[in-house]
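The values are calculated or read from the model by the stated rules, or taken from the named source; none is laboratory data. Being a predicted model, the structure only gives us computed values, none of them experimental. Cβ coordinates were reconstructed from backbone atoms using ideal geometry, including for glycine residues, and neighbour counts include every protein chain displayed. Calculation scope for accessible area: heavy atoms of the full protein, side chains included, ligands and nucleic acids excluded. Shrake-Rupley method; radii C 1.70, N 1.55, O 1.52, S 1.80 Å.
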Amino acid sequence: MGDRSPCVNLGLVFSKAKAYLAIVSLQFGFAGMYIITKVSLNHGMSNYVLVVYRHLAATAAIAPFALILERKIRPKLTLPIFLRILVLGFLEPVIDQNLYVLGMKYTSASFAAATVNVLPAITFIMAVICRLERVNIKKLHSQAKVIGTIVTVSGAMIMTFYKGPIVDFLRSRGGSHHGAMTDSSDQHWLLGTLLLLLSACGWAGFFIVQSFTLKLYPAELSLTALICFTGIFEGGAVALVMERDPSAWVVGWDSRLLAAVYSGIVCSGIAYYIQGVLNKERGPVFITTFNPLCMIITAALGAIILAETIHLGSIIGATVIVLGLYTVVWGKRKDHTASSTSLIEDEKAGTQELPIVNPTRHCGNDLTGLTGVAKVPMTTPILQD
């Protein structure tokens, strides 16, 4: 047997790493969305209107690909599947996105960004309850997933509650960072915290319902287009009730239009599709585990683009988050390897069966001249009449 060529080895490495590359790339996309959305909100963009326009752009971008590429494999849209799609369109486009912005207004931007990092823990708990995630506390990889989730959330809390001195990497004069808890009153702070937690629960519930829906409707592009399409009407109904000013629906060629198009195509259309593929292959916990990376990337981009300051607490918290991520990813990788090994063993066990031989081809024990008969292990008794 000859050695594998460099191209084959490179292909194998990419095949193993593509899931991690995809989910990390999404975090860069989400970080860009937070910056662009923050600018558009500062220019008077309504968060309710933004949700509607965001999913309008996502539907326009994804629907043509879904109609063309999945026209032969798209399952029939039954009533139970349609009801699940309505739930998906309500959990993420309406509940998560609207409550997150409202919670950020009542608290602070840094607290809201850190609160999102409870998402892996909430998703992990929901997945265990729904039996989508297996936990055997006696197994080392299961212990790693539990401990890694706790460590990840702990790192996020460090970034929130401990600021420390400013670490000026870029020698910038930067402005103030939205990190102080005194920016909001106590009553608004409590309400904002509850809204942020409900937002995280809505996002986690979206991943759980998406995992179940993909088993009945395994067409990721079509499912993404349908979720975005229903999100337009569900988000529009909420916007019509909450936003009474007609001028809020008017956008020009500015940051408000950029926020709607960018967040719609990248963070709703492409993100829903990639998350659906990874959800079916790796499960919902694998997706949410990488969300804390978005906070680190946002802090870095904010320091470079918006001249925001970085504190020592953010660096310590980010380091703790990375340690927790590596721990959970190691546990998930062991889960994935164990399930693949079990599947291979089951397939091998299923092939160890006696062949069916036409009795008219031979008489007695004379087996000469037979071709295509599988070998039978010596330990397997052959019964003869």
Seminar exercise, completed: Per the rule of 0.36 nm per residue minus the C-alpha distance, extending Lys334 to Ala22 adds in nm 110.4 nm
Problem set entry | Ser15 paired with Lys280, simple spin-label distance in nm, labels 7 Å along Cα-to-beta-carbon | 1.9
Exercise. Counting only heavy atoms of protein chains, what accessible area per residue, in Å², does region 260-303 have with a probe of 1.4 Å?
Worked result: 25
Exercise. Ignoring ligands, DNA and RNA, what percent of the 1.4 Å accessible area of region 40-105 is carbon and sulfur?
Worked result: 72
Seminar exercise, completed: Heavy-atom accessible area per residue of region 24-109, all protein chains kept, 1.4 Å probe, expressed in Å², is 46
For this session: Quote the FRET efficiency, to the nearest 0.05, computed for Ile305 versus Leu86 with a Förster distance R0 of 30 Å and r equal to the Cβ-Cβ distance.
Result: 0.20
Problem set entry | Calculated FRET value between Ile316 and Ile147, using beta carbons and R₀ = 25 Å, to 0.05 | 0.85
Problem set entry | chymotrypsin sites (Phe, Trp or Tyr not before Pro) within region 238-272, DSSP loop, no more than 15 other Cβ atoms inside 10 Å | Trp253
